[in-house]
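The block underneath contains the structure these notes are about, expressed in structure tokens.
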Amino acid sequence: MAVKVKDNFFSIETRNTLYQMKTDEYGVLYHLWYGEKTGCRMDYLLDYPDVGFSGSPYDAGNRRDYSLDTLPLEYAASGAGDFRVSAVSVTHGDGSTALDLRFREYRLTKGKYSIPGLPAVYAGEDEAETLEIVLGDRASGVEVTLRYGVLERIDVITRSAVIVNAGKDAVTVNSAHSLCLDIPAGDWEWVHFHGRHNMERQVERVPLIHGIQECGSRRGTSSHQQNPSVILCERSCTESAGLCIGAALMYSGGFQACIEKDQLNQVRLVMGIQPDTFSWRLEAGESFYTPEAILSCSAEGMGRLSQQFHSVIRNHVCRGKYKLAERPVLINNWEATYFHFDEGKIIEIARQASELGIDMLVLDDGWFGERDSDNSGLGDWFVNEKKLKGGLQNLITQVNRMGMKFGLWFEPEAVSEESRLYREHPDWAIQIPGREPVRGRYQLILDLSNPAVTDYLYQVISKILEENHIEYVKWDMNRSICDWYTAGLPGTRQMEMPHRYVLGLYSLLERLTEDFPEVLFEGCSGGGGRFDAGMLYYCPQIWCSDDTDAYERCFIQYGTSFFYPVSAVGSHVSAVPNHQTGRTTPLKTRGIVAMAGSFGYELDLNCLTGEEKAEVAEQVRKYKGYRRLIHDGRYYRLSNPFADGMSAWSWVSEDRKQALVQGVIFRAVPNSLRRRVRLTGLDGEAHYRDRESGAVYTGAALMSGGILLPWTRGDDAAFEVYLEREG
Ligand code: DGJ
């Protein structure tokens, strides 16, 4: 058993980590430890300083040194003597907001809990245990059940909370975070992933300051601007050494992660639904379930931490036929044609692609309604026969005859004012009566908190999927959401809507993915604007960014790799000059960068020279050869592109018999030594042969001395080394 409980002392041991909590004589639940295994009760670290202006609970009597404001707490409530950032805050029927949570009981069960209506890590009975700890407010009927899902073998602990109104009067939940983690004073830094459209998940690592640092989204989606994932690490932590703790929220709506360094240099992380766009009324007897946060810890640096997240997301978050299956190499017509195509043009792209070994044609935006630009047509999910004569069926039949699969783009959550759907159901769009709505890319968003809307979307999409041989769906979403209002809720409850929207989205995705298990769903939100573990529960891959420039992608994919597995990263070779940056990079580089993901193309192959087509065919052949290693192998970051002038990464197979090293050197420098990178994850004792040069090295040499990279010429030049173990 990974979870051991004795006299209200809770110890969770995973393969390499230890997590401890305990209650004291007042029933306060402390957080004691999350880190390496120590073989010891860590409560000896507790200290009880008498700190001015940090008051004491009434039942602690004359103990001035006993304060909720200074103790490490497992789930901090607001308004009752802990003045740090809180995990939960409620307003009671009388308008007061204090909440004083004390231990009531615990439960231990086999297997992993699930969460009604929300995605959650799943695991078999023999793969996980669930610990539930019930806390209750002393003066009201509010209870909080903390839930821990322990995946011992992969060093993962999930967290979520259930807020229960066991009292007689309604209460309003003002904030309910999924995770609260108090860690001891130390030299801590945090890493977060910020950006913007076309530039997602840039890595920022900064020391903690006294006070609160925060990342989050108020956009109704997890957003391009901040990703719902953070790392706390010791200052000395590197890729291969040092302590770090990662947290990823399995949620696709607005979120918040706050880190507070308090007056005693202690650190608290809370993470969950964004409270600025949230409030939830709980009638007597009702419960509120928070989304799940996935936690993992590594004492061997961030490389190991990332691998733990890759493992949990790939094996215990992603689902369905394509979870572990080889993904088809696809060609998407968006950057090839934008809105301007007819079936002849699409067939030509497909024909060329099939000759080069590509498996699937994806028809992107513009195939439906009156959709010739981005200011009309969204919502009208019936084929535009002016563009596609003979409809989808005719096109798909022709594509299938070439031996290719067919995939289709949708943006189900959006509606254009210039559309039949909007004319018929203006009330289905999110907007506040008496106020002009904010437009984003000219479009409005449908009210997915309204079951009539999600039912309608289910009907139209499932009809298309039933009537046509569609093997892939790209699920796009192209704006941030505001103007929150729904006719379905009274005025006092409007701020439930952002969360209800996400619940509506998840229920729609659940129905569709369950009813069409053969279809590969790829998530997308203007690229990677909703790249989170919640979406990955429904879509095993997500279009990583609308920026297809190979140089820029080195940074975006580097940031993405801290939490998300390579198989989740949709990545395509596009034309040059690149449409987002105007940069020209070699075709080889575009191929190598796109291979570090779920691979595809997004250009008009008919515009390539014969030589370039041959190179594409070779890339596709190569990717198919490497595909298993790339998706199943252990992924290592070998450089930091933000600092090293190059991006290098590798995969090592589980049996350590094969390693593939790839990357890009950004600038050509004359009269210089060849670049050298140290490899990781090899068998130090074994000998490895470089397939290209025939040179043989020990694993130890490759990991200590490194490998000299092949000569490259020109800017943004890619390299690749494939190593096989001898014997
Ligand atoms: C945004 C997506 O990220 C693109 O790949 C493309 O599908 C466009 N939307 C189409 O409007």
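A compact table of results
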item: Cross-link pairs beyond the 20 Å C-alpha cut-off, checked among Lys321/Lys474; Lys389/Lys474; Lys37/Lys261; Lys6/Lys110; Lys474/Lys613; Lys345/Lys588; result: Lys389/Lys474; Lys37/Lys261; Lys474/Lys613; Lys345/Lys588
item: Pairwise Cα inverse-distance average, inverted: Kirkwood Rh of region 9-120 (Å); result: 16.2
item: Extended-chain gain in nm, criterion 0.36 nm per residue less alpha-carbon gap, Gln494 and Val696; result: 66.1 nm
item: Cα pair distances in the chain, grouped into 20 Å bins until the bin that holds the longest one, percent each; result: 17, 48, 30, 5, 0
item: Whole-percent carbon and sulfur share, accessible surface of the chain, 1.4 Å; result: 48
item: Cα centre as origin, Lys/Arg/Asp/Glu Cβ charges: region 330-632 dipole, Debye; result: 560
item: FRET efficiency for Asp65 and Asp515, using Cβ-Cβ distance with R0 set to 41 Å, rounded to 0.05; result: 0.10
item: Burial order of peptide ranges 665-671, 616-622 (average beta-carbon count within 10 Å, highest first); result: 616-622, 665-671
item: Cα long-axis angle, helix 391-401 against the chain (0 to 90 degrees, to the nearest 10); result: 70
item: Helix 550-560 axis, angle to the chain major axis (alpha carbon atoms, nearest 10°); result: 30
item: Check: region 641-725 dipole with +1 on Lys, Arg Cβ and -1 on Asp, Glu Cβ, in debye; result: 240
item: Peptides ranked, highest mean first, by Cβ atoms within 10 Å: ranges 407-413, 348-354; result: 407-413, 348-354
item: Cysteines not pairable in the chain (beta carbon separation under 4.7 Å absent); result: Cys40, Cys180, Cys215, Cys258, Cys297, Cys318, Cys482, Cys524, Cys539, Cys544, Cys554, Cys607
item: In nm, spacing of pseudo-spin labels at His687 and Arg583 (7 Å Cα→C-beta vector); result: 4.1
item: Solvent exposure of the chain as accessible area per residue, Å², 1.4 Å probe; result: 37
item: Cα lying deepest toward the dipole's positive end in the chain, options Leu356, Ser298, Asn450, charges on Cβ; result: Leu356
item: Electrostatic dipole magnitude of the chain [Cβ: Lys, Arg +1; Asp, Glu -1; Cα centre; debye, to 20]; result: 1380
item: For region 3-316, projected area of the alpha-carbon convex hull averaged over all directions, nm²; result: 15.6
item: Stokes-Einstein D in µm²/s, Kirkwood radius over Cα pairs - region 611-727 at 4 °C with 1.567 mPa s viscosity; result: 87
item: Label zone at Glu348, where the point sits 7 Å out along the Cα-to-Cβ direction: region 603-623 residues whose backbone N lies under 16 Å; result: 603-610
item: Charge-dipole axis of the chain as Lys and Arg at +1 and Asp and Glu at -1 on Cβ define it, positive-most pick from Phe410, Leu45, Met595; result: Met595
item: Crossing angle, helix 451-467 versus the chain [Cα axis fit, 0-90 degrees, rounded to tens]; result: 30
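The values are calculated or read from the model by the stated rules, or taken from the named source; none is laboratory data. All values reported here derive from a predicted model rather than from experimental measurement. As a convention, Cβ positions derive from the backbone with ideal geometry for all residues, glycine included, and neighbour counts pool all protein chains shown. Note: accessible area is taken over every heavy atom of the protein model, side chains too, but ligands, DNA and RNA are not part of it. Shrake-Rupley method; radii C 1.70, N 1.55, O 1.52, S 1.80 Å.
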